[in-house]
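These notes concern the structure reproduced below.
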Amino acid sequence: MVDTDKLHQFVGKMLGDLGGAASIGLVHIGDALGLYKTLHQQGPMTVAELAEAAGVNQRYLREWLSHQAASGYLAYDPATQKFTLPPEQAMVFAIEDSPVYLVGAFEAMAAFLGNQELVKPAFKTGQGVAWGDQAGCMFCAVARFFRPGYHNNLVANWLPALDGVVAKLQSGAKVADIGCGHGWSTMFMARAFPNAEFVGYDFHPGSIEQAATHAREHGSPPNLRFEVGSAKDYPGRDFDLVTFFDCLHDMGDPAGAAAHVRRSLKPDGTWMVVEPIAGDRLEDNLNPVGRLYYAASTMVCVPTSLSQEVGAALGAQAGEAKLREVITAGGFASVRRAAETPFNMVLEARP
Ligand SMILES: C[S@@+](CC[C@H](N)C(=O)[O-])C[C@H]1O[C@@H](n2cnc3c(N)ncnc32)[C@H](O)[C@@H]1O
């Protein structure tokens with residue numbers, strides 16, 4: 001028997017979900033054409049004023065603004081016919097360094113949709129989809145999604161939560177950032193600790209090229225370099241700190257990577273593993289953050305791992321217990337949760 005009240009509630013939820021899904025392209029367009037930033041910088045505007053300021057067609061813009069107002073992303077004043085980006089919405093759509101800047105998340109959703117035609121056949125074959133083969137610029141979207149979290153937490157909270165690491169970085173430590181992607185994490189650390197030496201490794205040559213380009217555009221700190229290298233064979237020994245940001249679960253052989261990290265560290269070194277926040281059981285992750293991560297995991301993380309040797313496919317919601325198992329299998333004696341945010345957990349592993 002269908003319960004009519006429950007049905008109405010569920011269809012109401014679906015309307016919200018569909019509205020969010022329909023907004024993906026529009027948020028992307030608003031970001032790419034500078035519409036949010038112009039509204040943020042110049043304050044309330046009519047369609048004509050914003051069209052003039054942003055250099056876009058008024059008819060398209062009127063439809064876009066109407067959608068944004070209907071979504072609650074912009075406020076609309078019928079008396080003046082002006083649209084406003086309220087301060088809270090500006091933190092989400094216009095201020096790139098804000099801890100809740102979510103434009104990168106919308107970009108990631110667009111990239112997941114783009115991956116459909118690659119992932120759908122893989123459901124039948126069980127094969128993987130290599131990171132470098134994924135649709136559109138998955139790498140750009142992922143880098144933009146994680147950047148606000150690293151910008152706001154890495155130097156201020158995560159590194160200080162590790163035992164004795166900041167003191168080593170200040171006096172001149174040797175650091176490797178593995179699976180560094182576009183290298184924001186590596187650059188934030190290199191800028192904060194000019195006496196330490198940083199190298200970012202990733203097995204995807206396109207990402208390393210982008211990381212080097214970003215670093216040049218941001219003044220290229222002299223203590224930073226990027227090189228192509230995989231988690232199981234990056235060169236160098238005697239690192240004081242090795243970091244993995246949101247990438248261990250993407251690897252085909254995370255236990256093999258853990259063993260290589262162990263070999264590359266000094267005996268008193270530290271491995272910082274930043275992973276998506278998750279509980280250990282499915283029922284712990286049936287919430288809005290788990291929902292986003294399971295989607296990412298299905299479309300990106302599991303296919304990436306299955307395309308590599310071993311194909312452990314931990315998934316983006318592996319949880320601390322599973323991660324601990326993999327890390328200790330690599331020869332680490334202790335693992336501790338040092339910090340967490342709504343999106344990430346930070347594990348400290350010591351030999
Ligand atoms: C989700 S992205 C995270 C990138 C970056 N650390 C960040 O947080 O923005 C995962 C990264 O892991 C890299 N990766 C996956 N498997 C790898 C492996 N076996 N060795 C090195 N890098 C790997 C991918 O190329 C990709 O850049």
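The values are calculated or read from the model by the stated rules, or taken from the named source; none is laboratory data. Small disclaimer: the values here were computed from a predicted structure and weren't measured. As a convention, Cβ positions derive from the backbone with ideal geometry for all residues, glycine included, and neighbour counts pool all protein chains shown.
Could you look through the stretch 241-279, keep only residues that are assigned to a strand (DSSP E or B) and aliphatic (A, V, I, L, M), and pick out the one that is farthest from SER207 (Cα to Cα)? Talk me through it step by step, then tell me what you get.
Just the residues of the stretch 241-279 that are assigned to a strand (DSSP E or B), to begin with: 241-245, 265-276.
Filter once more, keeping what is aliphatic (A, V, I, L, M): 241-242, 265, 272-274.
Values: LEU241: 22, VAL242: 19, LEU265: 24, MET272: 21, VAL273: 20, VAL274: 19 Å.
Result: LEU265.
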For this session: Under 8 Å between Cβ atoms, at least 6 apart or on separate chains: pull out the pairs that start in the stretch 292-306 with a residue that is farther than 9 Å from ALA108 by Cβ and end on any residue that is of a type in the set (D, E, K, R) and surrounded by 24 or more Cβ atoms within 10 Å (Cβ to Cβ).
Result: CYS301/ASP250; THR304/ASP250; SER305/ASP250
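May I ask you to verify whether VAL119 is at pLDDT 95 or above, in a helix (DSSP H, G or I) and surrounded by 15 or more Cβ atoms within 10 Å (Cβ to Cβ)?
It is true that VAL119 is at pLDDT 95 or above, in a helix (DSSP H, G or I) and surrounded by 15 or more Cβ atoms within 10 Å (Cβ to Cβ).
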Exercise. Would you call GLY149 surrounded by 17 or more Cβ atoms within 10 Å (Cβ to Cβ), within 30 Å of PRO44 (Cα to Cα) and out of contact with any Cys (no Cβ under 8 Å at 6 or more places or on another chain)?
Worked result: yes
Exercise. Is at least one residue of the stretch 299-313 away from the ligand (no atom under 16 Å from the Cβ) and either in the same structural domain as VAL335 (by TED's automatic domain parsing) or within 17 Å of ALA122 (Cβ to Cβ) (or both)?
Worked result: no
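Being assigned to a helix (DSSP H, G or I), outside the structural domain of CYS301 (by TED's automatic domain parsing) and without any contact (Cβ under 8 Å) to a residue 40 or more places away in the chain is the requirement here; does GLU63 meet it? Before you say what the answer is, go through the steps one by one.
Details: assigned to a helix (DSSP H, G or I): yes; outside the structural domain of CYS301 (by TED's automatic domain parsing): yes; without any contact (Cβ under 8 Å) to a residue 40 or more places away in the chain: yes.
Taking the combined requirement at face value, the residue satisfies it.
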Problem set entry | Unique match (being surrounded by 14 or more Cβ atoms within 10 Å (Cβ to Cβ), out of contact with any strand residue (DSSP E or B) (no Cβ under 7 Å at 6 or more places or on another chain) and at positive phi) among GLY136, GLY164, GLY132, GLY126 | GLY136
Seminar exercise, completed: Log entry, pairs with first residue in the stretch 66-80 being outside any loop (DSSP other than H, G, I, E, B), second being modelled with pLDDT of 95 or more and hydroxyl-bearing (Ser, Thr, Tyr), beta carbons closer than 7 Å, six or more apart or on different chains, reads ALA69/TYR76; SER71/SER23; ALA75/THR84
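Just to be sure, is GLY279 over 25 Å from GLY330 (Cα atoms) and either buried (at least 19 other Cβ atoms within 10 Å of the Cβ) or assigned by TED's automatic domain parsing to the domain that holds ARG336 (or both)?
no
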Problem set entry | Given (1) away from the ligand (no atom under 15 Å from the Cβ); (2) touching a Phe, Trp or Tyr at 6+ places or on another chain (Cβ under 9 Å); (3) on the phi < 0 side of the Ramachandran plot, index of the condition GLY172 fails | (3)
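Tell me, please, whether a residue that is closer than 19 Å to ASN153 by Cβ, surrounded by 23 or more Cβ atoms within 10 Å (Cβ to Cβ) and at pLDDT 95 or above can be found in the stretch 326-342.
No, that holds for no residue.
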Exercise. Does SER23 satisfy the criteria of being touching a Pro at 6+ places or on another chain (Cβ under 7 Å) and either of a type outside the set (Lys, Arg) or surrounded by 14 or more Cβ atoms within 10 Å (Cβ to Cβ) (or both)?
Worked result: no
